[in-house]
Amino acid sequence: MTWRPEVNLLHRFRSLADALFRRDRFENSMSDEVQFHLEAYVEELVRAGIPRDEAHRRARIEFGGVELVKDDCRQARGLQSFDELGQNLRHSLRTIRRNPAFTCVIVAILALGIGGNTAVFSVVRAVLLRPLPYGESERLVSIWEKNTEHQRKDKLTGGDYADWRARNHAFDEMAYSWDASYTLTDSGDPQTVLAYNFSPNFFSMLGAQPLLGRTFVEEDGQPGHDRVVVLSHHLWEGKFGGDRSIVGRVIRLDGDPYTVIGVMPNEFAHPNSKVDVWTPLPFPNGLAQNFGLHVFQVVARLKPTVSLTQAQNEMNFLARQSAEDHPNTNLHTSAELEQLRETYVGNIRLPMLVLQAAVFFMLLIACSNVANMLLARASANEREVAIRSSLGAGKWRLLRQYLVQGLVLSISAATLAVVVAYWGVAVLPQLFRTQLATLPLPAHPGDWLDWRVMAFTLGTALLVAVICSAIPALRARPSQEVLRSGGRGTTERLFALRLRSALIVGQVALSLMLLVGSGLLIRSFLKLQDQSLGFQPHGILSFVLQFPPNRYSGLPRTASFLEEMLTLIRAVPGVESAASISTPPLTGMDARRPYFDPSGPTDQQKTDQYQTVQYRVITPDYFRVMNIRLKAGRFFDDRDRQGSRNVIIINEKLARERWPNTNPVGRTLNVADLARPEPREIVGVVGDVRHEGLAAESPIEVYRPAYQVSWPFFGVVVRTSLDPAQLVSSVRAAVWAGDKDLPVNDVRTMEDLAADSVGLHRTIMLFLGLFASLAVLLACVGIYSMISYSVTLRTHEIGIRMALGARTPDVLSIILGRTTMLTIIGLVIGLIAALGLTRFLATLLFDIRPTDMVTLVAAMLTLALTAVCAAYFPARRACRIDPNIALRDE
Amino acid sequence: MKSAELLPGTLDMLILKAVSLRPLHGYGVLLRIRQISQKALDIPQGSLYPALYRLEHQHLITSEWGESENGRKAKYYKLTAVGRKRLREETASWNRLVAAIAAALNTTPDDLEA
């Protein structure tokens, strides 16, 4: 009788479901039926003349075991699998209840490992690999100029842009952008909006579609048609309440009417997500011959047939041409291309990858730890397995039972892991907020989660849990030896032992690598902190005042207005002193101007022409407020006004470079206030300031007095003995008392800015430190459990040896010998791996070599010490074994 | 008549046949098979009910509680349309098999030379 599934599937399913869900009825029905049969048979026997009791007995014997028959019937209905599954689940739950801590630890470790890994992988993928919201974004490249002497990437000058655009064959299109800012005075507080000027073809070159309205077209570049603006999504939602009829409305930027022609979607964020509006900027023809001002940020689209390398080669050639044509300015200029994505994520790529590697190590350690614990338990279960095998339990039956056990663990861990992952992707981007500000990124945690990554890591870890749970059944044989020795053989099964040993070695090695990595980052961070900023950030509040150009422009208006503002601010209670600087340190603002030394030899003059220096405009007491030291000469004072001799103060670094052996005070340096360098007298030298933050070198700097130069915005620094954050509202009020339409922007305390400047380093250091600590903890647990298990296993043996005269050192060497060797092997492997891999951290390290000996030794000692601590308690337990009890106890 | 041993796979066929003649309860199936095989086939009681359940699971027979001859509650099985068809097919196939084997076993040396 053949089984033909295609005919019967539906009926089978219905039949099974019926029996399953109305189990009682099924069971009762079956009992009744069997009962009827037996009675009928008894009647037949009685009719044949057999006495009733005898008939009963015979009937039962002939029928066979009632329960067995019923089992066969249940199997015929397909109930057996479900019954078995139910049994296995109940068994698993009983096992868990017997030792809840064990299960909780395993589930927790797996959940953290899987969840954490998924979160980090998802974030890294989103940041580094997510396609940009532009058409064919791989063909978009940023074009930079590089000064090969200073190795600094720079924006393009007008002249270079014009030349390279005209002469290249590699690009379909080039477009430029230029930062700007406006004061938006519509409703509410006057607000400074961060703007970018785009060439009219920028949006179309990117292939970016607007959410509402349209983007720029060529006509928007024409004079008379250029008062149009495209809004960013966040400005539209924030300031204008998401009003869908905004297109066509006129808003006032710097007092001028601009028509809103479109709104960009949330994902569009070029060049960064802080930009509020975009306005068109036709190419200023006056700059077509200018090779001194680096103001154009250029993006280009590669032709379909041209690769990045080919384009780079062509740009190198064009750059050399420019060098020949304009040796005064372009002699050391080269062109550098990079993918647009790289421009966005370049400086966060390495930290992200380090994080990913570290969390992956954590996953490996977590999985191996879990495997270790499960294998240990499996070995302990050998006796149970042997008994059940010899009682007739099939190998597959046992396997299924242990698989279910593994699955219960895995599924609990998996559920928890999803929670951890979800939380992780919500939290991680917050920690890297400043660095990620330039990227168009998803808004909701759910969108970040990469389900494929989750599936993959889940799959791996589940595999680990399930396999390690099932191993005892896989090796099940009714072993006479196991049964006879009471289940505690003197040796673990060789396979299990080898596997666990390998896992311990792996854990130790990986933990060492994480320790070394985090040690290096910690030392680097401490060295960073030790650096002096060059000024005293404690107690300083900084903010930026924007001067609307149609109201305050040119000297002496800007200078007198500035002085009025400072007077008002100084009058605020709590303020000790206040001063002004065009571009305050640590704010990311800076300005550069061309300069040269007129007294130097003429050929040096030629090559020096149009080198740039950091250029700052300050009020006289700026240095005092910031506690910047005077090294020679004097600060600015009342002598330095409009009309009197034009003076500058330089910083120590510039003094050392130009005049290493003499006092530069009194000498002349040609510095450009606008475009052309003019002679300026040096009246003082001040200490270096780490303008870009602790991690960067101080640049060469030149200061000019505010009474001699006007500037469109000014940073203000306020010193107070109170907590600077408390002064914010009173300072704002003071400014608005002077001019109610003046925006006060970027109010931060200097200390926050200083902390932010090393924010990335700190975050990475903390993460790696966290992982390293967890790894060491897990390795500790692993070593502890290995030794502890060994002691339990060999209590009997140790008892015998002690009875035969073994002393404490002997016992210790038995117990600890293997584990010590494994730990040492692990340390050696970890050391070699660390030496090989830490080079990748080099760019994140400050003043520390990746192979720093102190860190390596400290890490090894830490881990070794941890291993000793882990071994201490079980070893002590071993030495305390009383031979009498051990020998007696089976 | 000497009892024959039940070949594996034939139990299901016999049950279908028994039930095809008239709806029967389990014990009745036992009696019926004994009867129609001229008392040569005696089903081992332990394998009867699993077979009945299996056949019902495959929807070749259906069951229904009813009243037995002596007024007791009993579960009666009867053939479904699919079961009837299966019985026909298996019977034909069995007959073919039996004929072929019988022919093979009854071959005499003379037949070979033909």
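The values are calculated or read from the model by the stated rules, or taken from the named source; none is laboratory data. Note that the structure is a prediction, hence the values are computed from the model and not measured. We place every Cβ from the backbone using ideal geometry, glycine too, and count neighbours over all the protein chains shown.
Per the conditions (1) among the hydrophobic types (A, V, I, L, M, F, W, C); (2) closer than 30 Å to A:VAL127 by Cβ; (3) free of Cβ contacts under 8 Å to residues at least 12 places away in the same chain, the sole criterion not satisfied by A:VAL250 is (2). Filtering segment A:242-276 to residues that are over 15 Å from A:LEU212 (Cα atoms), of a type in the set (Val, Ile, Thr) and in a strand (DSSP E or B) leaves A:VAL250, A:ILE251.
You will find that of A:LEU353, A:LEU331, A:LEU308, A:LEU302, the residue that is buried (at least 18 other Cβ atoms within 10 Å of the Cβ) and among the hydrophobic types (A, V, I, L, M, F, W, C) is A:LEU302 and no other. Taken over segment B:76-114, the criterion of being within 14 Å of chain A (Cβ to nearest Cβ) and in contact with a strand residue (DSSP E or B) (Cβ under 8 Å, 6 or more places away or on another chain) is satisfied by B:TYR76, B:TYR77, B:THR80, B:GLY83, B:LEU87. From the list A:GLN75, A:GLN80, the lone residue that is within 8 Å of chain B (Cβ to nearest Cβ), under 30 Å from A:LEU398 (Cβ atoms) and not small (Gly, Ala, Ser) is A:GLN75.
Has segment A:158-170 got at least one residue that is assigned to a strand (DSSP E or B) and crowded, with 18+ Cβ neighbours inside 10 Å? No, segment A:158-170 contains no residue that is assigned to a strand (DSSP E or B) and crowded, with 18+ Cβ neighbours inside 10 Å. Of all residues in segment A:768-826, those satisfying the criterion of being part of a loop (DSSP other than H, G, I, E, B) and aliphatic (A, V, I, L, M) are A:LEU804, A:ALA806. Do the conditions hold for B:LYS73, that is, is it facing chain A (nearest Cβ under 10 Å) and charged (D, E, K, R)? The answer is yes for B:LYS73. The condition (being out of contact with any helix residue (DSSP H, G or I) (no Cβ under 7 Å at 6 or more places or on another chain) and either on the phi > 0 side of the Ramachandran plot or at pLDDT below 90 (or both)) is satisfied by just one residue among A:GLN297, A:GLN289, A:GLN310: A:GLN297.
Scan segment A:58-77 and tell me whether some residue there is in contact (Cβ under 8 Å) with a residue 60 or more places away in the chain and surrounded by 12 or more Cβ atoms within 10 Å (Cβ to Cβ). Looking through segment A:58-77, at least one residue is in contact (Cβ under 8 Å) with a residue 60 or more places away in the chain and surrounded by 12 or more Cβ atoms within 10 Å (Cβ to Cβ). Looking at the structure I just gave you, is B:GLY26 touching a residue at least 12 places away in the same chain (Cβ under 8 Å) and over 12 Å from the mean Cα position of the chain (by Cα)? Answer is yes for this residue. A:GLN726 satisfies every condition listed in (1) outside any loop (DSSP other than H, G, I, E, B); (2) buried (at least 23 other Cβ atoms within 10 Å of the Cβ) except (2).
Picking from residues in segment A:15-44 that are within 60 Å of the chain's Cα centre (by Cα) and among the hydrophobic types (A, V, I, L, M, F, W, C), the one that is surrounded by the most Cβ atoms within 10 Å (Cβ to Cβ) is A:ALA19. The single condition from (1) among the aliphatic types (A, V, I, L, M); (2) assigned to a loop (DSSP other than H, G, I, E, B); (3) under 39 Å from the mean Cα position of the chain (by Cα); (4) modelled with pLDDT of 90 or more that A:LEU586 fails is (4).
Inside segment B:15-41, can you point out the residues that are at the interface with chain A (Cβ under 10 Å from one of its Cβ atoms) and either among the aromatic types (Phe, Trp, Tyr) or surrounded by fewer than 20 Cβ atoms within 10 Å (Cβ to Cβ) (or both)? Of everything in segment B:15-41, those that are at the interface with chain A (Cβ under 10 Å from one of its Cβ atoms) and either among the aromatic types (Phe, Trp, Tyr) or surrounded by fewer than 20 Cβ atoms within 10 Å (Cβ to Cβ) (or both) turn out to be B:TYR27, B:LEU31.
Residue by residue through segment A:113-132, note down the ones that are buried (at least 20 other Cβ atoms within 10 Å of the Cβ) and not small (Gly, Ala, Ser). A:ILE114, A:ASN117, A:THR118, A:VAL120, A:PHE121, A:VAL123, A:VAL124, A:VAL127, A:LEU132 - these are the residues of segment A:113-132 that are buried (at least 20 other Cβ atoms within 10 Å of the Cβ) and not small (Gly, Ala, Ser). Exactly one residue among A:GLU267, A:GLU237 is at pLDDT 85 or above, more than 17 Å from A:PHE198 (Cα to Cα) and out of contact with any Phe, Trp or Tyr (no Cβ under 9 Å at 6 or more places or on another chain), and that residue is A:GLU237. If you go through segment A:15-64 and pick out every residue that is over 23 Å from B:TYR77 (Cβ atoms) and within 9 Å of chain B (Cβ to nearest Cβ), you end up with 0. Residues in segment A:13-67 that are closer than 25 Å to B:GLY71 by Cβ, among the small types (Gly, Ala, Ser) and out of contact with any Leu (no Cβ under 6 Å at 6 or more places or on another chain): A:SER29, A:SER31, A:ALA40, A:ALA48, A:GLY49.
With respect to B:PRO50, is the statement that it is under 24 Å from A:GLU43 (Cα atoms), within 8 Å of chain A (Cβ to nearest Cβ) and exposed (fewer than 14 other Cβ atoms within 10 Å of the Cβ) true? For B:PRO50, the condition - under 24 Å from A:GLU43 (Cα atoms), within 8 Å of chain A (Cβ to nearest Cβ) and exposed (fewer than 14 other Cβ atoms within 10 Å of the Cβ) - is not met.
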